[in-house]
Amino acid sequence: MKVCGIEINSNDVNLCLLSLSDDIFELPDCRSRRLTLKDVHSTAELRYFQQTFAKLMQDYPVDKVVIRQRPMKGKFAGGAVGFKLEAAIELISDLDVVILSTTEIKDLLKRNPIQIEFADTGLKAYQETAFTTAYAFLMKDKYAA
């Protein structure tokens with residue numbers, strides 16, 4: 001199974017592809033590590049973002065897109081633009097999107113710790129949350145009760 005872990009931060013979507021096959025994790029190469037919505041007030045830009053993301057998922061046959069949930073209110077609340085991006089991703093037809101809460105991610109990581117130092121993955125620092133989101137989802141799927 002190949003998943004795309006996503007962290008939405010302001011008008012950036014940080015992503016990480018991760019696959020699990022026969023108990024072996026693989027970090028497939030991907031031409032994009034981050035997609036940015038340049039003009040947050042432009043409908044055309046939002047559509048372009050959506051099309052670009054859909055094409056990326058199609059080019060790297062992804063089974064699931066896993067988005068790290070952001071709080072709606074409080075100190076770390078997600079902004080309006082982030083929720084716009086999340087909706088744009090969720091509305092792509094033929095794309096299976098799941099949203100994982102930070103509590104669920106922490107619980108899954110506690111039960112199934114990552115066996116490699118993040119620095120050894122070859123990913124950029126800003127991809128760490130997307131990576132852990134994808135990893136947690138794969139552990140949930142693999143060890144479903």
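FYI, it's all coordinate maths here, none of it is from the lab. Predicted model only: the values in this text are computed from it and were never measured. Methodologically, a virtual Cβ is constructed for each residue, glycine included, from the backbone with ideal geometry; neighbour enumeration extends over all protein chains shown.
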Candidate set: the range 63-113, residues that are free of Cβ contacts under 8 Å to residues at least 24 places away in the same chain and hydroxyl-bearing (Ser, Thr, Tyr); chosen: the one nearest to Lys2 (Cα to Cα): Ser93
Which of the residues belonging to the range 1-34 are surrounded by fewer than 23 Cβ atoms within 10 Å (Cβ to Cβ) and of a type in the set (Val, Ile, Thr)? Ile24
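Name the helices (runs of 4 or more DSSP H) wholly within the range 67-142 that hold at least 3 residues that are of a type outside the set (Asp, Glu) and within 12 Å of the chain's Cα centre (by Cα)? Full working, then the answer.
Working: elements: 80-90, 102-111, 128-142.
Here the list reads 128-142.
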Do you know which residues across the range 72-112 are surrounded by 15 or more Cβ atoms within 10 Å (Cβ to Cβ), closer than 16 Å to Lys55 by Cα and among the hydroxyl-bearing types (Ser, Thr, Tyr)? none
